[in-house]
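Worksheet: the structure to be examined is printed underneath.
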Amino acid sequence: MTKFMKIEVNGSYEYFNTSNILATEKAYINGVTQVEIMYSSIKNPGFKLQEFGTSGKSPDYIVEAIMASNSTSHTSNVYIPELKQGSQPRIDNIV
Amino acid sequence: MAGYIDFKPKKQIATGTVTSTSSSQLIAAGSAFISQGVEVGDVVFNISSPEFFPITNVVSETVLDVDGSSFTSSNAFSILKLSETESFPVQIDSITRVQVSNIQGETMVSLTLRIDTAVNARALIVLKNSLATVSERNAIIDQFMADINETLISSYNPSARVVSSLPLSNEYMFGHVTTV
């Protein structure tokens, strides 16, 4: 079943598909905490959810939220976790 | 089961490329505007620099007078008939990311699509109105996703749902797929 997850970046809403993710990869690079979402073996089209700072909580939270959105106990196809700007964990940027 | 959401943007009746520039005119050698049924009241969408321009006069097969022309040579354009719509179906399972943004004064919903090639694809669904505030754009994307959710949880046959309007009196004006 196709599932989407809602996120908020600088006040703007976005949604991404959580049902056909091939893999996620956490990284802490140049002062940024990020989790990369990969949808195919060639990594495209994927994107990176970034949280400024290297001590961020977002990667673990995002992975947990992806699992939760795909849970059979979650019947809606659009999952809305508590992930908001200005609180922890948060998303500051998407590349 | 793969569900489809079928947007209903305005009907595209002609496409082309700008070949030379003139104030308040669209000039495209090789076009056949009259033969293709272009009329006053239709609109030109500048694909290269997303913006709509109402057509004020059909001068010839290759020249249109437009209101507020801002074309440069090699701009790709599409002409839309506002009184008619056409299908623009998108397979929901292929959508990886949904965004809404303002580009050149137009608001558009951007759907990144998962395809198994080295080239990324994106479906852009353009709204005519520019939504200046974040809350307006958030209302649009929430309704957009509510339609997708409704499609996925309902037993539509053949698993496709037609949508044509959005909050704040917005319509789907133009849809096209591009590579990114």
Output the residue which, of all residues in the range B:37-95 that are acidic (Asp, Glu) and modelled with pLDDT of 90 or more, is farthest from residue A:16 (Cα to Cα). B:61
Answer yes or no as to whether residue B:84 is open to solvent by 10 Å² or more (accessible area, probe 1.4 Å), among the acidic types (Asp, Glu), more than 14 Å from chain A (Cβ to nearest Cβ) and not in a loop (DSSP other than H, G, I, E, B). yes
Any chance you could count how many residues in the range B:123-148 are at the interface with chain A (Cβ under 8 Å from one of its Cβ atoms) and either closer than 18 Å to residue B:90 by Cα or open to solvent by less than 10 Å² (accessible area, probe 1.4 Å) (or both)? 5
What strands (runs of 3 or more DSSP E) completely inside the range B:1-43 contain at least 3 residues that are among the polar types (S, T, N, Q)? B:10-17, B:20-22
From the options A:8, A:25, residue that is open to solvent by 20 Å² or more (accessible area, probe 1.4 Å) and within 12 Å of chain B (Cβ to nearest Cβ): A:8
Looking only at the range B:100-122, which residues are surrounded by 16 or more Cβ atoms within 10 Å (Cβ to Cβ) and away from every other protein chain (no Cβ under 11 Å)? B:106, B:107, B:108
Please specify each residue of the range A:9-35 satisfying the condition of being over 18 Å from residue A:70 (Cβ atoms) and under 10 Å from the mean Cα position of the chain (by Cα). A:34
Of everything in the range B:44-64, what is open to solvent by less than 40 Å² (accessible area, probe 1.4 Å) and assigned to a strand (DSSP E or B)? Give them in sequence order. B:44, B:45, B:46, B:52, B:53, B:55, B:58, B:63, B:64
Could you list, in sequence order, all residues of the range B:89-99 that are facing chain A (nearest Cβ under 8 Å) and open to solvent by less than 20 Å² (accessible area, probe 1.4 Å)? B:92, B:95, B:96, B:98
Using the structure shown, decide if residue B:163 is open to solvent by 50 Å² or more (accessible area, probe 1.4 Å) and touching a residue at least 60 places away in the same chain (Cβ under 8 Å). no
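The values are calculated or read from the model by the stated rules, or taken from the named source; none is laboratory data. In this text the structure is predicted, and so the values were computed from the model without any measurement. Reconstructed Cβ throughout: ideal geometry from the backbone, glycine too, with neighbour counts over all protein chains shown. Just the protein is used for accessible areas: all its heavy atoms, side chains included, with ligands, DNA and RNA removed. Shrake-Rupley method; radii C 1.70, N 1.55, O 1.52, S 1.80 Å.
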